[in-house]
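Let me begin by presenting the structure, written as structure tokens, before commenting on it.
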Amino acid sequence: MVYGLLALLVVLLDQATKYYVVTHFALGESVPVINNVFHWTFILNRGAAFGMLEGSRWLFVMIAVAVIGGVWFMRREIAKSGVMACWGTALFAGGALGNLIDRTTRGVVIDFFDFRIWPIFNVADICITVGFALILCWMLIEEIEEKKRWKKELLK
């Protein structure tokens, strides 16, 4: 339940920040927060991360629907997996849903965080990345623990 609320919070924060950018910036406008380091730059992303596979909107819609459906289907198993897996999944699913909303309602994803040395991104992208990292860490920890259990069994 708590993790569902986290995913919902991610979606709300993502959509609120995108709404702010759309209503306060002109497309392509860039406002420095820290000059030449961090800007708010309003762009439309027709692809995935870094603009890859531009124009593949429906592919990304199908992937996001599959991910969210998979999370929903596996929710009971995920809940048993521990805090790291749950937090990671909630962040990942919330981010996927945030960008899915953009793709289905606007046909593009709104991006605006611009660090000048990295492609421009949004709140959903941050949550997808952090969520994926948490899931990956959880998987690695589980793998290490499993190897320890096997080793312990072999030494008996």
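How high is the relative contact order of the stretch 1-141, in percent, with contacts defined as C-alpha pairs under 8 Å that are six or more residues apart?
Working: 202 pairs, mean separation 47.2, N = 141.
Relative contact order, the stretch 1-141: 33 percent.
Bridging of LYS151 to aspartates and glutamates at a Cα separation below 18 Å is possible for GLU142, GLU143, once same-chain residues fewer than 8 apart are set aside. Convex hull volume of the C-alpha atoms in the stretch 53-156, normalised per residue: 135 Å³. Size estimate for the stretch 50-107 follows the Kirkwood approach: the inverse of mean 1/r over distinct Cα pairs works out to 12.3 Å.
Could you calculate the FRET efficiency of SER30 with VAL108 from 1/(1 + (r/R0)^6), where r is the beta carbon distance between them and R0 is 22 Å, rounded to 0.05?
Details: r = 18 Å, r/R0 = 0.81.
Efficiency, from the Cβ-Cβ distance: 0.80.
The residues of the stretch 80-150 have, on average, 54 Å² of accessible surface per residue, using a 1.4 Å probe with all protein chains present. Of all the options VAL37, VAL123, VAL109, the one that moves most in a Gaussian network model of the chain with Cα springs shorter than 10 angstrom is VAL37.
Grab the Cα-Cα distance for TYR20 and GLU77, subtract it from 0.36 nm times how many residues apart they are, and report the gain in nm with one decimal. Walk me through the numbers before you get to the answer.
Values: separation 57, 0.36 × 57 = 20.52 nm, distance 3.67 nm.
Going from the current span to full extension adds 16.9 nm.
Across the stretch 53-59, rounded Karplus estimates of 3J(HN,Hα) from the backbone phi angles (6.51 cos²θ - 1.76 cosθ + 1.60, θ = phi - 60°) give 6, 3, x, 9, 3, 6, 4 Hz, Gly and Pro being marked x.
Amide H to amide H distances under 5 Å link PHE38 with VAL33, where only residues 5 or more positions off or on other chains count and H is placed in the peptide plane.
Classify the stretch 89-136 from the C-alpha gyration tensor, please: rounded if a/c falls under 1.5, else prolate or oblate depending on whether a/b exceeds b/c. List each step's numbers first, then the result.
Working: a/c = 3.17, a/b = 1.10, b/c = 2.89.
Oblate, since a/c reaches 1.5 and b/c is not below a/b.
Can you tally the net charge around VAL123? Count Lys and Arg as +1, Asp and Glu as -1, for every other residue whose Cβ sits under 12 Å from the Cβ of VAL123. Net charge around VAL123: -3. How much net charge surrounds CYS86 when only other residues with a Cβ under 13 Å from its Cβ are counted (Lys, Arg +1; Asp, Glu -1)? Taking every Cβ under 13 Å from that of CYS86, the sum is +2.
Length gained on full extension, ARG149 to LEU44: 32.9 nm, using 0.36 nm per residue less the C-alpha separation.
The values are calculated or read from the model by the stated rules, or taken from the named source; none is laboratory data. Bear in mind that the values here come from a model prediction, so they are computed numbers and not experimental data. With ideal geometry, Cβ positions are generated from the backbone for all residues, glycine too; neighbour counts draw on all protein chains shown. Heavy atoms of the whole protein, side chains included, go into the accessibility calculation; ligands, DNA and RNA do not. Shrake-Rupley method; radii C 1.70, N 1.55, O 1.52, S 1.80 Å.
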